[in-house]
1. Quick check on this structure: which one of ALA308, ALA312 is crowded, with 22+ Cβ neighbours inside 10 Å, assigned by TED's automatic domain parsing to the domain that holds LYS352, touching a strand residue (DSSP E or B) at 6+ places or on another chain (Cβ under 7 Å) and outside any loop (DSSP other than H, G, I, E, B)?
2. If a residue must be in contact (Cβ under 8 Å) with a residue 40 or more places away in the chain, surrounded by 15 or more Cβ atoms within 10 Å (Cβ to Cβ) and either over 22 Å from the mean Cα position of the chain (by Cα) or not in a loop (DSSP other than H, G, I, E, B) (or both), how many such residues does segment 22-31 contain?
3. Would you point out the residue of segment 335-361, among those that are more than 20 Å from THR427 (Cβ to Cβ), free of Cβ contacts under 8 Å to residues at least 24 places away in the same chain and not polar (S, T, N, Q), that is surrounded by the most Cβ atoms within 10 Å (Cβ to Cβ)?
4. When the residues of segment 249-266 are filtered to those that are polar (S, T, N, Q) and either within 12 Å of PHE429 (Cβ to Cβ) or surrounded by fewer than 19 Cβ atoms within 10 Å (Cβ to Cβ) (or both), which remaining residue is modelled with the highest pLDDT?
5. Can you tell me how many residues within segment 32-87 are assigned to a strand (DSSP E or B), surrounded by 15 or more Cβ atoms within 10 Å (Cβ to Cβ) and touching a Leu at 6+ places or on another chain (Cβ under 6 Å)?
6. So, of the residues in segment 193-246 that are of a type in the set (Ser, Thr, Tyr) and in a helix (DSSP H, G or I), which turns out to be nearest to PRO6 (Cα to Cα)?
7. Can you tell me which residue among GLU127, GLU116 is among the acidic types (Asp, Glu), modelled with pLDDT under 95 and not assigned by TED's automatic domain parsing to the domain that holds SER347?
Amino acid sequence: MAELAPWRALYYNPAKISDLAQVVTPPYDVITPEQQAFFYDRHPYNVIRLILPRPEVGGAGPDSQYLQAAADFSAWRQNQILIRDGEPSLFFWETDFTLEGRTHTRRAVVGLLRLESFESGVVRPHEKTFSAAKTDRFKLMQQVRAHLSTVFALYPDKEDRVLAGLKQGLTEAPMFAFEDYEGSQQRLYRVADPHAIRAACDAMANLPIFIADGHHRYETSLAYQTWLKKQFPQAPPRASFNYVLMYLSNMMDPDLVIRSAHRLIATDRVPHFDEESLLAQLPKYFEVTSLALDQKPLSANTAGLGEALRQAGRLGTGFAMVTPSRRAFILQLKPGVMNSPLTAHMSPALAKLDVVALNFLIFEKLMHLSSQIQDDKETFSYASTVAGALAAVEQSPVKLAFLLNPTRIEHVQEVASAGLIMPRKSTYFYPKVPVGLVMHPIDPNEEVGL
């Protein structure tokens, strides 16, 4: 049973921060070093200093950045930069964004969700996580003692009862409204009416929860809960550390968008990589079609490659490859490969996915890439657009790119419902949920609820 609960939110004081656009950021895991520097310079109270702190020059030890984040968080609260709500609330959040000429509005409820182990089946993951990222987030939580950003999750609600109940308590004007760093329009409404809160919580109670974005943060919250339970064994059942801050959208919403997560590989870091050897092996599993490229610049091929990629998807499992020698190919899976004895150990729900065929047949079988290599951020990176992937091949240490069609939402639900896990970064939900609008300070002695 999913337990959604209101909480006394922490947020930027409008009297001191008049424009939230100056202080919010994307989630930490999609922020590049260049973006980190930009947000640091943008405003002295930008949330980047809390979620992705930089090690201080001459700082006290290798983890000085976490101590600095905790010091900033404490000072900002003390100086009323961040203020606490006087009563528990839920929030209704709308995001207007434009993609490929079409305007979308994604809607969500923001609240606390009781932490559940994945084994319970209440909260279901769909992607593998990186151990280094969880260690980083855990160290930050230990020092800051708060959920600074939301976990983005989905629930199946055909009648849209959760948001209908919540909207019974909407005020006319949003609490916050601004244009964010990507040009999306953000509107956040505070809902304190007990009847509206109860209606939303009751409607959520019997629905499964699917993590869309934030697997590392959710797993870190579970670890942090275990850590605090050992320290505070007498804490009440509704202690604040038993909950996680969630942004929850209806997965039936037609404005829910998943973009591609293209794979980018720095081949100089891959032992014994040889382009010609890889090309010679691909016909074992794929029909390989060469594509003509305009060599200068590589980005001039964005439209053509994008259309070839979509056509490959319409024909079945297929994706594109751009090689270090600036050649491009469409790789169309041969019939029967992913339901042969080779994949007898694999669930059909996974075997149908493009990203699984890529990981299993190419990365594992042909390139013999270990999980350590695939986890290495210097070797493996990701892009959500064809243009971004081509720019990376052209301008960075990346030399090999695999371009994928987006994973479909029904496949996410099928995999997660079966208790299965997709490869890392199989989805890119768009747009990312901004960080910095609401936070959840954790006090072991504080109980959650109305």
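1. Result: ALA312 is the single residue among ALA308, ALA312 that is crowded, with 22+ Cβ neighbours inside 10 Å, assigned by TED's automatic domain parsing to the domain that holds LYS352, touching a strand residue (DSSP E or B) at 6+ places or on another chain (Cβ under 7 Å) and outside any loop (DSSP other than H, G, I, E, B).
2. Within segment 22-31, residues that are in contact (Cβ under 8 Å) with a residue 40 or more places away in the chain, surrounded by 15 or more Cβ atoms within 10 Å (Cβ to Cβ) and either over 22 Å from the mean Cα position of the chain (by Cα) or not in a loop (DSSP other than H, G, I, E, B) (or both) number 3.
3. Top of the filtered list is LEU342.
4. SER249
5. 1
6. Across segment 193-246, the extreme among qualifying residues is SER240.
7. Only one candidate passes the filter, namely GLU127.
Per-residue answers, yes or no, for (1) at pLDDT 95 or above; (2) among the aliphatic types (A, V, I, L, M); (3) assigned by TED's automatic domain parsing to the domain that holds TYR243:
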{"residue": "LEU90", "(1), (2), (3)": "yes, yes, yes"}
{"residue": "TRP93", "(1), (2), (3)": "yes, no, yes"}
{"residue": "ASP96", "(1), (2), (3)": "yes, no, yes"}
{"residue": "TYR155", "(1), (2), (3)": "yes, no, yes"}
{"residue": "GLU172", "(1), (2), (3)": "no, no, yes"}
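The values are calculated or read from the model by the stated rules, or taken from the named source; none is laboratory data. Given the structure is predicted, the values throughout are model-derived calculations rather than measurements. A quick note on method: Cβ atoms are made from the backbone with ideal geometry, for glycine too, and the neighbour counts reach across all protein chains shown.
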